[in-house]
Amino acid sequence: MALRIATRLPRLAVVGIVLLLASATLAVGAAKRMAAVPKGAPAPVAVATVVVPDVRGQAFVFAKGTLEDSGLAWKVVGTVHGYAVDKVAKQTPAAGTTLKDTGAPTITVTLERTSYPEKGEPEDVSPYIGTSVQPIGLKPAPAVPASPAPKPTVAPKVTKTAAPAAAPAKRPPAFVVAGAPKEPLDEMPLPQRAKLLSAWIATHPKTPANVRHFLYQHSWIVTGAEFGWWHGADALRKLISVDLAAQKRWGIGRKSELVARTALAEVEARVK
């Protein structure tokens with residue numbers, strides 16, 4: 001009996017050593033996995049991004065609204081300043097570029113003059129401070145459309161109002177201006193826009209963002225009417241009443257009222 005035990009001891013020792021090594025290996029592997037994923041470590045945070053829209057070929061009054069609606073700032077460079085009727089010739093970064101959302105990445109635009117006269121005060125920088133541009137991925141810019149359809153909107157992050165179902169399918173211009181863009185039929189008519197702006201200003205307090213909303217919509221209506229768009233004179237009359245309401249409610253609007261009255265006189269003179 002003692003002989004049998006003696007002969008089996010080496011085998012038992014070998015088996016024990018193998019089991020000990022296996023246990024050590026498993027322990028080391030578990031320790032490495034625990035070190036790789038610390039307990040309670042937060043999940044990776046996705047980087048917020050914004051894609052640069054294509055505003056080439058758009059009238060500046062529309063292009064800046066498109067950029068602001070996308071959460072972007074803008075600035076005008078070159079010899080042509082930021083008048084509403086001028087047209088965007090170049091933009092940097094290119095359309096389709098994905099940027100890190102640094103707050104309000106600044107898009108640079110170069111303008112070219114149109115046949116329509118430049119009036120009022122030019123705007124060469126966005127009404128809010130821009131932030132740095134940090135491209136994440138580049139995409140080739142798409143071709144400029146033959147007839148770009150501008151997408152006007154309000155201040156940054158405000159959803160664009162869709163055209164009402166009752167909008168007429170055809171809107172013959174009151175007059176034709178050489179070089180002026182055609183009225184986009186996927187947007188509400190100018191009188192409807194002025195009516196909604198009137199209701200909006202009656203229910204909103206004066207804040208920097210709301211003032212930008214008001215001024216942008218005001219510029220859209222005035223510029224569209226001067227381009228000869230459908231029922232522009234009617235829209236300007238409604239807009240003047242909005243200016244009077246802004247003066248009463250917010251204490252601003254006198255200057256914009258003068259702009260609207262001047263535009264109305266010009267439009268009425270052209271439609272006679």
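Residues of the range 205-272: accessible area per residue at 1.4 Å, in Å²?
Averaged over the residues of the range 205-272, the accessible area is 47 Å².
By its C-alpha gyration tensor, with a ≥ b ≥ c as the square roots of the eigenvalues, how is the range 194-257 shaped: rounded for a/c under 1.5, else prolate for a/b larger than b/c, else oblate?
prolate
Cα centroid distance between the range 195-232 and the range 96-125, in Å?
20 Å
Would you mind checking LYS182/LYS238; LYS182/LYS248; LYS90/LYS195; LYS100/LYS248; LYS64/LYS272 for any pair whose Cα atoms are more than 30 angstrom apart?
Violating the 30 Å limit, Cα to Cα: LYS182/LYS248; LYS90/LYS195; LYS100/LYS248; LYS64/LYS272.
The values are calculated or read from the model by the stated rules, or taken from the named source; none is laboratory data. Remember, it's a predicted structure, so these values are computed and weren't measured experimentally. These area figures cover heavy atoms from the full protein model, side chains too; ligands, DNA and RNA do not enter into them. Shrake-Rupley method; radii C 1.70, N 1.55, O 1.52, S 1.80 Å.
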